[in-house]
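Data first, discussion second: the structure below is written as structure tokens.
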Amino acid sequence: MDLPAAGPLERALTLRQVKKLVQCMAHEQSLLLLAPPGVGKSDIVYEAAAEAGLPCRSLLGTQIAPEDVSGVPKIVGERSVFCPPRLLLPESAEPFCLFLDELPACAPDIQKAFYSLLLERRIGEHALPKGTWVVAAGNRIQDRALVRALSSALVNRVTIVHVRVDVEEWLAWAARAGVRADIRGFIRVMPDALSRPAPPEALPFSTPRSWAALSRALDMSEMAGLLTADIRRALAFGRLSPEDAAVYCALAEEAIGAVRAPEEYIREPDTLPAGDAARWFVLDCIRQHVRDERLRDVGAADINRFLRALPDEHQLTLLTDLVDRWGALGADDAMFDVLRKVARI
């Protein structure tokens, strides 16, 4: 059975929701978390277990053989007895979190070895300690991540949960984790850049993991006194989708600092960057926010003052095809001024 494609947005959960779900039901029902690479599936399982006070033991699906699950036989009297691996069944009877990473990448015979573990919490004749969690994770077929078809028998033994990226959740985590302010600002105004689809070729692409790794790489380079425009570009293009790397580096090279929220630029037009590339980037972000009706807590007076503070060509760029959206925000006076200039009334 092919892995199901990502469901509609309303059927996918954020990482915070997934963590709560794991904590409330993984002791009784096995979960399979499906998401693109680099979203944070593994980290959220470790975090959920740590909060519950459970040690987390993981098996990587691409690096195990069937006997790593079922165990190896030994002769006891006149019978053979399978000895389960210590990782799956430690000597202690204390519960733990069993994390089966990259389960969809397992070969069919390894998937089959997991059947009783996923459904009955057993390895051969041995039961897992009461209260043990069983959580699996992996990528989807469209992610081009060496995913195999899952058998219908395995699919019927787990609850499949699709995981989605939530920008606000990631920004809150990034602030706690010390991700660079310029990266957080960039993602705030370009939320689509946080996670891009995997390209057909084996090329870098933007994910929450790659942005966090880039931030750390830039910090290390900066501390070593190595961070130049060339180094920044090499690191960014080595981690991100090319379009995101190009824009991020262009903004950094214009030294505009952390990109602010669109609402802040609207309230204070004087804070718009002076450089052409950076200014057009910010204006395009504002345009996208207006188009998607994502501007918050901005009054009509601020809107009109902002538009009037811009050169004519910038005003026309922002207003084109979005007159109704700007009108709903209260920009009637500024738009009438633009109309008079264009029509020479």
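The values are calculated or read from the model by the stated rules, or taken from the named source; none is laboratory data. Keep in mind the model is a prediction, meaning the values are calculated, not measured. What goes into the accessible areas is simple: the full protein's heavy atoms, side chains included, and nothing from ligands, DNA or RNA. Shrake-Rupley method; radii C 1.70, N 1.55, O 1.52, S 1.80 Å.
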Rounded to whole angstrom, the alpha-carbon centroid of region 285-345 lies from that of region 91-110 at a distance of 56
A chain fully extended from LYS130 to ASP332 at 0.36 nm per residue, minus the present Cα-Cα distance, gains in nm 66.1 nm
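In what sequence, largest accessible area first, do ASP312, ASP302 appear using a 1.4 Å probe? Spell out each step's value before the answer.
Details: ASP312 80, ASP302 35 Å².
Greatest to least solvent exposure: ASP312, ASP302.
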Measure of exposure for HIS27: accessible area at 1.4 Å probe, Å² rounded to 10, is 90
Per residue, accessible area of region 145-234 with a 1.4 Å probe, heavy atoms of protein chains only, in Å², comes to 51
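Percent relative contact order of region 133-221, based on C-alpha pairs within less than 8 angstrom and at least six residues apart?
Working: 45 pairs, mean separation 20.0, N = 89.
After rounding, I find 22 percent.
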Heavy-atom accessible area of region 225-345 with neighbours in place, 1.4 angstrom probe: carbon+sulfur share in percent works out to 51
Scalar couplings 3J(HN,Hα) for region 41-57 by Karplus 6.51 cos²θ - 1.76 cosθ + 1.60 (θ = phi - 60°), nearest whole Hz, x for Gly and Pro, are 4, 5, 4, 6, 5, 4, 5, 4, 5, 4, 5, 8, x, 9, x, 10, 10
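Report the Rg/Rh value for region 275-342, based on alpha-carbon coordinates and the Kirkwood definition of Rh. Present the calculation step by step, with values, prior to reporting the outcome.
Working: Rg = 11.2 Å, Rh = 12.1 Å.
Ratio of gyration radius to Kirkwood radius: 0.93.
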